[in-house]
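Structure in structure tokens, see below.
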Amino acid sequence: MTYPDFLKLWRDADADDIEVSTSGSTGAPKRILLPKRLMRMSAWRTIRHFGLDASSALHSCISPDYIGGKMMAVRAEECGAKLTFEPPSNTPELSIGPNERLDLVAVVPSQMWHILQLPQAARCRFLIGGSPIPPSLRQAIVAKGLDCHESYGMTETASHIALRRIASGESLFYPLPGVEVSLSDRETLTIRQGEDEPEIVTNDLASIHADGGFEILGRADNVIISGGLKIIPEDVERRVLPLLQPYGVDAVMLTSIPDAKWGESTVLIVELPARENATSLPIPSADTIIGLCRKVLRRHEVPKAVELTSTLPRTPNGKLKRH
């Protein structure tokens, strides 16, 4: 799909819904119908949050095949802003004049490595979504002082319902006005986007703080039970990854294999660095990695084995593919 194709569908007065595809991060992607009403509501939350209007310039580096790309077009349509876009690639051009700026640019984390090198990035505000941001990239963004915002949401919520500024010490997502979050009986995040909208119970295990911010711990359907104890893979990965950063590691994945004694035995898969870095140390042995894990993990969370791989499986928009 192209942006003109999508805008033709969006402007069709006879169509009340838009067909979209889910990300497929936990299984095969599926097609669902999103009401235009819900998409407009989402668009206006973002428009108001960033103060966008008819004088604003929006730019998309992602495909309109995904909800993030579609919603950039909807935001521009709703507030009358200028929309530009470029073919998706890991080397976005961000072509703007020397005195121009982009008020909102939609990107995925993998594109930000190239964007960090562009001088015009300082004149842009970035909306980053699609997959988690590696710690090393987060640190590089903070060091550059770029205006970047990480999103939390899903296809079913018509893009993000919460944002967090990428800044030193910032770890919580904050719901946009009009969005209410709570926890289900399973301690997964529950989202309501308005009094008349149905409640969406997600599979994301979460913790909600007193100030209304929340953090995502992992997905309920990814939980590993080893020796009768619950392990949240994403939570383990977040705590282990900073210890492996000195070795140039940007991604790890905790998985499991059947085990007669434990039920499930955990395995930490470490993705080898894709880029050469003169400051990185040689990848340590499996025993050394397990030793590092013991520094930050509870006893039952420490992986029983470590594997190295050149590439972890991912969905087209960059999320780890666990199943």
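Step by step: first the residues of the range 178-211, then only those that are under 20 Å from the mean Cα position of the chain (by Cα) and part of a loop (DSSP other than H, G, I, E, B), then the one that is modelled with the highest pLDDT. Which residue is that?
VAL179
Being of a type in the set (Lys, Arg), under 21 Å from the mean Cα position of the chain (by Cα) and in a strand (DSSP E or B) is the filter here, so list the residues in the range 219-261 that pass it.
Selection gives ARG219 alone.
Continuing with this model, one more query. Let me spell it out: the conditions are (1) under 11 Å from the mean Cα position of the chain (by Cα); (2) surrounded by fewer than 22 Cβ atoms within 10 Å (Cβ to Cβ), and GLN139 meets all of them except one. Which number is the exception?
Among (1) under 11 Å from the mean Cα position of the chain (by Cα); (2) surrounded by fewer than 22 Cβ atoms within 10 Å (Cβ to Cβ), the lone unmet condition for GLN139 is (1).
Residues to consider are THR266, THR311; find the one that is touching a residue at least 40 places away in the same chain (Cβ under 8 Å) and under 30 Å from GLY68 (Cβ atoms).
Just a single option satisfies the conditions, and that option is THR311.
Take the range 308-323 and flag every residue that is part of a loop (DSSP other than H, G, I, E, B) and modelled with pLDDT under 85.
THR315, PRO316, ASN317, GLY318, LYS319, LYS321, ARG322, HIS323
Taking the condition surrounded by fewer than 19 Cβ atoms within 10 Å (Cβ to Cβ) and at pLDDT 95 or above, does ARG123 pass?
Taking the combined requirement at face value, the residue satisfies it.
From the list ILE289, ILE232, ILE257, pick out the single residue that is free of Cβ contacts under 8 Å to residues at least 24 places away in the same chain and of a type outside the set (Lys, Arg).
ILE257
Residues to consider are THR188, THR157; find the one that is surrounded by 16 or more Cβ atoms within 10 Å (Cβ to Cβ) and in the same structural domain as ALA43 (by TED's automatic domain parsing).
One residue alone meets the criteria, THR157.
Scanning the range 60-116 for residues that are in contact with a helix residue (DSSP H, G or I) (Cβ under 6 Å, 6 or more places away or on another chain) and among the β-branched types (Val, Ile, Thr), which turns out nearest to TRP44 (Cα to Cα)?
VAL74
The values are calculated or read from the model by the stated rules, or taken from the named source; none is laboratory data. All of these numbers come straight from a predicted model, not from anything done at the bench. Note that we place each Cβ from the backbone using ideal geometry, even for glycine, and neighbour counts take in every protein chain shown.
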